[in-house]
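Have a look at the structure below, then the notes.
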Amino acid sequence: MTKPNPDATDADKDDEFTGVESEERTPKLDAPDRRRPQALLYVQKLTKAYPTNRGFFRSTELLHALNGVSFYIRHKETLGIVGGSGSGKSTLGRCILRLTEPTLGRVVFDGNDLTAISASELRGLRRRMQIVLQNPYTSLDPHMTVGDIIAEGIDIFGLAAGRKDREEQVAGWCARVGLSESIATRHPHELSGGQRQRVAVARALAVKPDFLILDEPTSALDVSVQAQLLNLLQDLQAEFGLTQLFISHDLRTVQYVSDRIGVMHFGRLVELGRTADVVARRLHPYTRALFEALPSLETNRRALPVIGNHDDANPLAPPAGCAYFAHCPNAEPGRCDVETPVLSETAPRSRHRVACWHPFTN
Ligand SMILES: Nc1ncnc2c1ncn2[C@@H]1O[C@H](COP(=O)(O)OP(=O)(O)OP(=O)(O)O)[C@@H](O)[C@H]1O
Ligand SMILES: [Mg+2]
């Protein structure tokens, strides 16, 4: 055992986690190193290439929706993923849960390699990993009552002792997410968007997961309702000690809920670090562009522009080097358009990482 160092800075403590992306630091699944706190989730070089038939003479081309993405999420931590439309955020969430099969890479959840285990083993872990999707208008079965929707997982995993217990659990979840108990007999179309999303959250939490993916959970809602739902999610995260991946194209939302932020661009993580560090330093030119696109607090948030992948860049044939080259104020021709930058520490033992040859320095 090493003695705890009372002078250790935050950065020193965090060093236990730096480099987890590298192959050498791959967690030992069968012999965990007790001195090094294990993260709940490790995502390693996750890649998803969709075959498409849009190529020359309809030959199959590959669209790299996700390209070698690596990160970890510690127990009870919220990692926010922000990026423009089509940057691969939803693909990332789906590949982690194996709702979409990744092409390459590894996902380790609480010591279990999800990309290597059998379907039946995966089924056993499914209860512990839940997802809330963007659109409550399509994610809830219109033919089911709210009560049956909330109890879906309770039924699948046999978590109720009987009918009465099931009803009590549903009533308890309705109350916990701020819905009246009487709503259990209604159908989704009778509910507002905010109420539907509360039902989706109750359904996810009713199976007592450890890990929750929230994929744009507030994007389809009115601004006033967004804030209420975000506050509810914050309370639930604290109450149940949830570990979360929070996906959004809205930097302000991600900033509000996340302990750390990862910025995605064209299927790659281009910046990753503690929220305060990313907000203060905005090292990657794409991150900086996202911040510069934020309207002032007084401006209506609905007017928030979305910085997407750029129209002139084709995801089927991503440009060589850095995908942000054509738009980057710091670009160095001959290097940035040739060599693809990898996510690297900005200083020795720093957890703030950027994939850029010429990041901002102030
Ligand atoms: N099933 C699929 N088949 C082929 N291509 C797909 C498929 N799903 C996603 N893609 C493509 O992969 C890329 C990433 O898509 P994804 O939905 O993950 O992005 P996103 O960041 O979630 O975008 P948004 O903010 O619009 O939700 C896009 O170019 C998309 O067109
Ligand atoms: Mg998406």
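The values are calculated or read from the model by the stated rules, or taken from the named source; none is laboratory data. The structure presented is a predicted model; accordingly, all values stated were derived computationally and were not measured. Here Cβ is always computed from backbone atoms with ideal geometry, including for glycine, and neighbour counts include all displayed protein chains.
Assorted remarks:
- Of the set (1) over 28 Å from residue 351 (Cα atoms); (2) more than 16 Å from ligand 2 (Cβ to nearest atom); (3) part of a loop (DSSP other than H, G, I, E, B), all apply to residue 154 but (3).
- Put simply, of 99, 104, 62 the only residue that is of a type in the set (A, V, I, L, M, F, W, C) and in contact with a Lys or Arg (Cβ under 8 Å, 6 or more places away or on another chain) is 104.
- Candidates in segment 246-266 are the residues that are away from ligand 2 (no atom under 16 Å from the Cβ) and assigned to a helix (DSSP H, G or I); of these, the one that is surrounded by the most Cβ atoms within 10 Å (Cβ to Cβ) is 257.
- Segment 175-202: number of residues that are of a type outside the set (Val, Ile, Thr), free of Cβ contacts under 8 Å to residues at least 60 places away in the same chain and under 25 Å from residue 249 (Cα atoms): 6
- Subset tally (residues that are assigned to a strand (DSSP E or B) and away from ligand 1 (no atom under 12 Å from the Cβ)) for segment 80-131: 12
- Neighbours by Cβ (under 6 Å, 6+ apart or cross-chain): first from segment 150-173, farther than 18 Å from residue 125 by Cα; second aromatic (Phe, Trp, Tyr) and at pLDDT 95 or above: 150/173
- Of the listed requirements (1) crowded, with 21+ Cβ neighbours inside 10 Å; (2) more than 15 Å from the chain's Cα centre (by Cα); (3) among the charged types (D, E, K, R), residue 89 misses just one: (2).
- Candidates 200, 206 - the one that is at negative phi, of a type in the set (A, V, I, L, M, F, W, C), within 16 Å of ligand 2 (Cβ to nearest atom) and crowded, with 21+ Cβ neighbours inside 10 Å: 200
- Residue 175 being assigned to a helix (DSSP H, G or I), away from ligand 2 (no atom under 16 Å from the Cβ) and either surrounded by fewer than 19 Cβ atoms within 10 Å (Cβ to Cβ) or acidic (Asp, Glu) (or both): yes
Conditions (1) within 16 Å of ligand 1 (Cβ to nearest atom); (2) surrounded by fewer than 21 Cβ atoms within 10 Å (Cβ to Cβ); (3) assigned by TED's automatic domain parsing to the domain that holds residue 157, marked per residue:
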| residue | (1), (2), (3) |
| --- | --- |
| 219 | yes, yes, no |
| 231 | no, yes, no |
| 268 | yes, no, no |
| 271 | yes, no, no |
| 279 | no, yes, no |
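- Total residues in segment 233-258, condition more than 16 Å from ligand 1 (Cβ to nearest atom) and touching a residue at least 60 places away in the same chain (Cβ under 8 Å): 9
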